[in-house]
Amino acid sequence: MNTKAGKTKVLVAMSGGVDSSVAAALLKNQGYEVIGVHMQLWDHGEANVERFGGRCCSLVDANDARRVCDKIDVPYYVINAQDVFKEKVVDYFVHEYLQNRTPNPCAECNNQIKFNYLFQKADELGCEFVATGHYAQVFHDAATGVASLQKAVDPHKDQTYFLFGLTQQALRRTMMPLGSLTKMMVRKLAEEFGLLVAQKADSQEICFIGEEGYTNFIDKRVAPSLRPKGFIHTFAGETVGEHTGLHRYTIGQRKGLQLKVKDPDQYFVVGFDTKQNVLIVGQEKHLFHNSLIASQMNWIRPLDQLHGIRCKARIRSRHEEASCQVTCFENGRVHVQFDEPQRAITPGQAIVFYDGNEALGGAYIETIGSNLGVA
């Protein structure tokens, strides 16, 4: 980035973790006028300290973010976005499972909540840029003014998959200082800056799901009539067991099926018959498909959509990228044809497209195409 620090104001999203804390400290050290902002998205009530001390959105995290801002001597603000978070992320999460799709709440939160609120607050405070602790890189083409989203140097920490919803306008105003660093380097910097969060554990779970797990979380919020029990069938229509509610299963699942068949470990969840409330299981070969339809497509930078786009795609955050051909339609939907069949393509998950290190954009998987494994 060619931006000169000087008196440039930067709003830094402060989660209370080590990554965003180091991002803020780095920018302050480089001469930027930093303002820290913590987003309160979910209230864990009295369970904050004992059960959610290592999870984002807890009271502990809010206090840690405040202490870091005090340490590096920058202003600190809190945004209360709990109502819109519940509507746009939590309700979406529950609804998707009830529609037999596996949601991606982290991507949806970035798309619908975080950056929208952060840029609103940045404008209010006169900040030119918004910075986050994401492991990704933003590059600017000086000739065209176009910004691109690039993978982090540390492949194990790269978070571009969850940022596919960024618009070109937003990306041009976004800074991600950690993209060129490894996690080990970030923790070392935190110690050098004297930050109390230097050895704080990373948040690994969905911020609003506690020890109860996602199925119990949903059960508490949905009437039993909307999550009925039913039968488990094979492709041939043979009844081989009973399920406890379709929302409790996802494509590719093998554990917990309790099937009345020989070699039950050879069976996986491969689909849903929502009309009959039937869970469909099959062998591993039935998990492989060669195409899909995705919706809500967002291209981060302008591309020629009139012709097929050759690129690679991830169908899960840790999925190995696969070569494919993307055909774009006018209504924000795309057809993706893979060169090789992919295992366990899951409706509801994000598919993110790459050209080398650049994240081109992404969409949400809607339907699965032909199955190449069916005999």
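The values are calculated or read from the model by the stated rules, or taken from the named source; none is laboratory data. Bear in mind the structure is a predicted one, so any value in this text is a computation, not a measurement. Every residue, glycine as well, gets a Cβ built from its backbone with ideal geometry; the counts of neighbours run over all protein chains shown. Areas reflect the complete protein model, heavy atoms only, side chains present, ligands, DNA and RNA absent. Shrake-Rupley method; radii C 1.70, N 1.55, O 1.52, S 1.80 Å.
Things worth noting here:
- Here is the list for region 310-375: trypsin sites (Lys or Arg not before Pro) lying in DSSP coil, each with at most 12 other C-beta atoms within 10 angstrom of its C-beta, are Arg318.
- Label assignment, volume of the Cα convex hull per residue in Å³ derived from the structure, set (1) 169; (2) 151; (3) 229: (2)
- In the elastic network of the chain, a GNM with C-alpha springs shorter than 10 Å, the most mobile of Leu59, Leu279, Leu306 is Leu306.
- Residue among Lys260, Lys229, Lys86 with the largest mean-square fluctuation in a Gaussian network model of the chain, springs linking Cα atoms under 10 Å: Lys260
- Within a Gaussian network of the chain (alpha carbon springs, distance under 10 Å), most fluctuating of Gln137, Gln253, Gln276: Gln276
- Low-density loop positions, GluC sites (Glu not before Pro), region 277-375 - DSSP coil, at most 14 other Cβ in 10 Å: Glu320, Glu321, Glu330
- Accessible-area composition of the chain, carbon plus sulfur, in percent [1.4 Å probe]: 48 percent
- Looking at region 286-348, the chymotrypsin sites (Phe, Trp or Tyr not before Pro) that sit in a DSSP loop and have at most 14 other Cβ atoms within 10 Å of their own Cβ are Phe329.
- MRE, 222 nm, helices only [DSSP H, n ≥ 4, -39500 (n - 2.57), over the chain, to nearest 500]: -5500 deg cm²/dmol
- Classification of region 232-375 by its C-alpha gyration tensor yields a prolate form. The axis ratio a/c (a ≥ b ≥ c) is 1.5 or more, and a/b outweighs b/c.
- 0 to 90° range, to nearest 10: angle between helix 18-29 axis and the chain longest Cα axis: 30 degrees
- Take every Cα pair under 8 Å whose residues are at least 6 apart in sequence, average their separation, divide by the length of the chain, and the relative contact order is 16 percent.
- Solvent-accessible heavy-atom area per residue, rounded to whole Å², over the chain at 1.4 Å: 48 Å²
- Filter on Lys7/Lys200; Lys9/Lys183; Lys114/Lys220 - keep pairs with C-alpha separation over 29 Å: Lys7/Lys200
- Degrees between helix 183-192 axis and first principal axis of the chain (Cα, 0 to 90, nearest 10): 30 degrees
- Taken about its Cα centre, region 228-282 carries a charge dipole of about 140 debye when Lys and Arg each add +1 at the Cβ and Asp and Glu each add -1 at the Cβ.
- Taking the longest Cα principal axis of the chain as reference, the axis of helix 59-72 is set at about 30 degrees.
- Unit charges on C-beta of K, R, D, E only; dipole of the chain, Debye: 120 debye
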